[in-house]
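First the structure, in the form of structure tokens, and then the observations on it.
The values are calculated or read from the model by the stated rules, or taken from the named source; none is laboratory data. Computed from a predicted model, the values in this text were never measured in an experiment. Cβ sites come from the backbone with ideal geometry, for glycine too, and all protein chains shown count toward neighbours. Areas reflect the complete protein model, heavy atoms only, side chains present, ligands, DNA and RNA absent. Shrake-Rupley method; radii C 1.70, N 1.55, O 1.52, S 1.80 Å.
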Amino acid sequence: MKRSARPSRREFLSAAVLAGFLITGCKPTGGGDTAGGPIKVGEFASLTGSEAAFGNASHNGTALAVEEINKAGGVLGRPIELLTEDNQSKQGESVTIVKKFLSRDGVVAVLGEVASGRSLEAAPVCQEARIPMISPSSTNPKVTEVGDHVFRVCFIDPFQGGLLADFARRTLKARRVAVLADVAAPYSTGLAEYFQKAFVAAGGEVVAEQKYASKDKDFRAQLTAIKAAEPDALFVPGYYTEAGLIVAQARQLGITLPIFGGDGWEAPELIQIAGQALENTFYSTHYSSEAADPKVQAFVKAYQARYDGQTPDAMAALGYDSAMVLAEAIRRAGSTEPSKLRDALAATRDFPCVTGKTTLDAGRNASKSAVILTVKDGKFKYVETIQP
Ligand code: PHE
């Protein structure tokens, strides 16, 4: 477990808060929170390792939101203190981090993660402790099904799988599709399943189903089998590292078909890995920085000013939105008491976010539009928006 924030300052703050608690004898208002001091929020993210692009983009968005909130006077007259920990994209680490947030740091809420698999690891810990957790961008439905303290600010994969099936039939005019999914990622197997259901219902046929596991590097055996099945298009519901290699190797094997994926493709690294091979590829995601919406353009400007001109992607936008939704709920709750905060989060309605108006439904999920992007001349390009 690596720390990305300065531990000395954090430990000092915890000690100061604890000292205040001992001296005044005032009761923590919830989750070990003490009135008057900073409101502590824990964020767990993949800042290093195979999905580092996800964690860093999401964290940058979250940190920018917290800075803006604090500049404007904080929430309930208190600043938010964001405690960020790196799970190194490794299984098991998220549980350790979140347990520490709850038992030692006394956070009032937890933000994370991008990858559904790691949100699924941490969610039971938050649920058990009855401390709200908000995933910015995990799309597998099971994440929020863990319990009534687990929320997300993005759409879910039955929607994403359905829109990709429709895109494949309608825009790519594909009837026969091959699927190559990552069996080690719940996100990937889930998205493959939802796509397949919708695609078959729309009159399509899945002519080859091949598998790989995260961290694999050679996909030629699966791709050779896929080529032999003569599909019209190839669906790769996985993360960018493997998706990039798959696209590159498919082209080397003479597979010139359209290849498409879901939001797991979203990272500048995709282009670094696959380069020119990405012509004739498409993927769905949560937002486009090219949208004319003034809220999007203000966010893009603030993000670029803060992070050396970098353009924020979907993870950055959802990371930002997750912190804003939390701050707004604390404001409405008028308290950081976990049960009040949980109820306020559950009551989130039409809250204006960078990724669109956010309403949390009875399943604690957000219903939002998706966008399809393609890659042209080594750059992501907006294709269309799909409404829920
Ligand atoms: N939705 C993916 C998952 O659930 C993560 C992701 C979100 C990836 C947004 C890219 C962009 O695992």
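In the set VAL95, VAL66, only one residue is part of a helix (DSSP H, G or I), aliphatic (A, V, I, L, M) and surrounded by fewer than 18 Cβ atoms within 10 Å (Cβ to Cβ); that residue is VAL95.
Under the condition of being surrounded by fewer than 22 Cβ atoms within 10 Å (Cβ to Cβ) and under 24 Å from GLU145 (Cβ atoms), the residues counted in the stretch 369-385 number 1. Among the conditions (1) under 22 Å from THR285 (Cβ atoms); (2) over 17 Å from the mean Cα position of the chain (by Cα); (3) of a type outside the set (Lys, Arg); (4) within 16 Å of the ligand (Cβ to nearest atom), the only one that VAL183 does not satisfy is (1). Does ASP263 satisfy the criteria of being closer than 25 Å to THR62 by Cβ and of a type outside the set (Phe, Trp, Tyr)? Here the answer is yes, as ASP263 does meet what is asked. Considering only the stretch 255-270, I want to know if a residue exists there that is among the charged types (D, E, K, R) and more than 16 Å from the ligand (Cβ to nearest atom). No: the stretch 255-270 contains no residue that is among the charged types (D, E, K, R) and more than 16 Å from the ligand (Cβ to nearest atom). Screening CYS154 with (1) buried (at least 23 other Cβ atoms within 10 Å of the Cβ); (2) part of a loop (DSSP other than H, G, I, E, B); (3) of a type outside the set (Phe, Trp, Tyr); (4) away from the ligand (no atom under 13 Å from the Cβ) gives one miss only, at (4). Inspection of the stretch 102-121 finds a residue satisfying the criterion of being within 16 Å of the ligand (Cβ to nearest atom), over 27 Å from LYS227 (Cα atoms), open to solvent by less than 30 Å² (accessible area, probe 1.4 Å) and out of contact with any Ser or Thr (no Cβ under 8 Å at 6 or more places or on another chain).
Looking only at residues of the stretch 123-146 that are closer than 19 Å to VAL325 by Cα, within 14 Å of the ligand (Cβ to nearest atom) and part of a loop (DSSP other than H, G, I, E, B), we find that the one that is nearest to the chain's Cα centre (by Cα) is SER137. All of (1) open to solvent by less than 10 Å² (accessible area, probe 1.4 Å); (2) within 14 Å of THR355 (Cβ to Cβ); (3) in a helix (DSSP H, G or I) hold for ALA243 with one exception: (2).
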